[in-house]
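Undergrad: My questions will all concern the structure given below.
The values are calculated or read from the model by the stated rules, or taken from the named source; none is laboratory data. This one's a predicted model, so the numbers in the text were calculated from it and none came from an experiment. Neighbour counts are summed over all protein chains in view; Cβ atoms, including those assigned to glycine, are modelled from backbone coordinates with ideal geometry.
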Amino acid sequence: ARLALLGLEKPRLDALAADLPTPALAVETDVTDPAALVAAAAETRRRLGRPSVVVANAGVAHGGPFAGSDPAEWRRVVDVN
């Protein structure tokens, strides 16, 4: 198996890729940015070939009382999740 790990935290992705027992590609990308996802998919295909399985596992959370929360934070939660 060959894996592509996509996310915002490149150093963490690189560390995980290095620890895996199979070839892995770490790609820094923002899952809320359609153009970034297209570019990441193209890089993945170019470097690893056509994917046979895709697992979309992005997620963020924001805690605290809703009434006093920042609308931009909630927009990000909705966009990512």
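Undergrad: Polar (S, T, N, Q), in contact with a helix residue (DSSP H, G or I) (Cβ under 6 Å, 6 or more places away or on another chain), surrounded by 13 or more Cβ atoms within 10 Å (Cβ to Cβ) and at pLDDT 90 or above: is that true of T29 in this structure? Before you say what the answer is, go through the steps one by one.
TA: Working: polar (S, T, N, Q): yes; in contact with a helix residue (DSSP H, G or I) (Cβ under 6 Å, 6 or more places away or on another chain): yes; surrounded by 13 or more Cβ atoms within 10 Å (Cβ to Cβ): yes; at pLDDT 90 or above: yes.
Considered against the rule, which asks whether it is polar (S, T, N, Q), in contact with a helix residue (DSSP H, G or I) (Cβ under 6 Å, 6 or more places away or on another chain), surrounded by 13 or more Cβ atoms within 10 Å (Cβ to Cβ) and at pLDDT 90 or above, T29 comes out as yes.
Undergrad: State all residues of the range 1-24 that are within 19 Å of S52 (Cα to Cα), surrounded by fewer than 17 Cβ atoms within 10 Å (Cβ to Cβ) and either in contact with a Ser or Thr (Cβ under 7 Å, 6 or more places away or on another chain) or of a type in the set (A, V, I, L, M, F, W, C) (or both); if no residue qualifies, say none.
TA: A1, R2, L20
Undergrad: Follow-up question, since we're still on this one. Write out, first by first residue and then by second, each pair whose Cβ atoms fall under 8 Å of each other, whose residues are 6+ apart or on separate chains, and whose first residue, in the range 31-59, is without any contact (Cβ under 8 Å) to a residue 60 or more places away in the chain and part of a loop (DSSP other than H, G, I, E, B) while the second is of a type in the set (K, R) and surrounded by 10 or more Cβ atoms within 10 Å (Cβ to Cβ).
TA: Hits for this filter: T32/R76; G49/R2; P51/R45.
Undergrad: Taking D30 and the conditions (1) farther than 23 Å from V77 by Cβ; (2) within 13 Å of the chain's Cα centre (by Cα), which numbered condition does it fall short on, given that it satisfies the others?
TA: The failed condition is (1).
Undergrad: Determine the pairs where a residue that is at negative phi, located within the range 63-81, has a partner that is surrounded by 12 or more Cβ atoms within 10 Å (Cβ to Cβ) and among the β-branched types (V, I, T) with Cβ atoms under 6 Å apart, the partner being 6 or more residues away or on another chain.
TA: Partner pairs satisfying both residue conditions: V77/V60; D79/T32; V80/T32; V80/V60.
Undergrad: Read through the list (1) of a type in the set (A, V, I, L, M, F, W, C); (2) surrounded by 10 or more Cβ atoms within 10 Å (Cβ to Cβ); (3) closer than 17 Å to D79 by Cα, then give the number of the only condition that A40 fails.
TA: (3)
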